[in-house]
Every structure is written in structure tokens, then in C-alpha cells.
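Presented below is the structure to which this report refers.
Values quoted throughout were computed directly from the atomic coordinates according to the rules given, and no laboratory measurement underlies them. Since we're looking at a predicted model, the values are computed, not measured. Methodologically, a virtual Cβ is constructed for each residue, glycine included, from the backbone with ideal geometry; neighbour enumeration extends over all protein chains shown.
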Amino acid sequence: MNEFAMDMNLEDKALLLRILGHPVRLRIVAGLARKCACVKEIWECLEMPQAVVSQHLKVMKDHGILESRRDGAKVCYSLKGGMLPELVRLLDLDA
């Protein structure tokens, strides 16, 4: 077996790292590693326009990093399972 053959799983991991490579997205992931939060809580904490934060949330949700649930008029986000908790720990985002 060729050790250097492209592994599709590696491509998926590289995509995950590219998506999380944005500082705002890393801040969102760090916050959501502690607790789920609604959009308003997130953009107020980041002190950024709601539209900008919503775009980042959409990118991460579309790529399976986040999941959302509706709570009345609010949309709350949380990290999806998988390797994200370990990645948050390795990057020391939960400090």
C-alpha cells in the first residue's frame, strides 16, 4: 500500500481545518465548546454585526461543524459531535 496515496478522510480533515482557520470561527467554536448559544448571544459577545456572525454560523453549519435548534423565535447553536471536542482541547480553545 502506498503511504502517500490521497485518503479522502484527509481531504475532509483539511477542509475542516480551512473552515476553522478563520479567527472569528475559532472564537465561535471556543464559545460553543463551553455552552450552546443563540445567535444574538454570539454576536453580542463577539461585538460584531449580526449579519457577519450569521454568515460564519451558516458556513460552519453547512459543513457539519455546528447544529442548530429553534427555541421559539431564537435559533440556538451547538457544536456537533465527532472530533471537535478533542480539537478544541488540543488547540487549547477551552482555556
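Points worth noting:
- Burial order of peptide ranges 33-39, 67-73 (average beta-carbon count within 10 Å, highest first): 33-39, 67-73
- Full-extension gain in nm, residue 17 to residue 34, via 0.36 nm per residue minus C-alpha separation: 4.1 nm
- 11, 44 arranged by Cβ crowding within 10 Å, fewest neighbours leading: 11, 44
- Using just its DSSP H runs of length 4 or more, each adding -39500 (n - 2.57), the chain gives a mean residue ellipticity at 222 nm of -16500 deg cm²/dmol after division by all residues.
- Under a model in which nothing but the beta-carbon of Lys, Arg (+1) and Asp, Glu (-1) is charged, the chain shows a dipole of about 440 debye around its Cα centre.
- Taking every alpha-carbon pair under 8 Å whose residues sit at least 6 apart, the chain reaches a relative contact order of 29 percent.
- Overall dimensions of the range 8-90 by Cα: Rg and Dmax, Å: 12.4, 39
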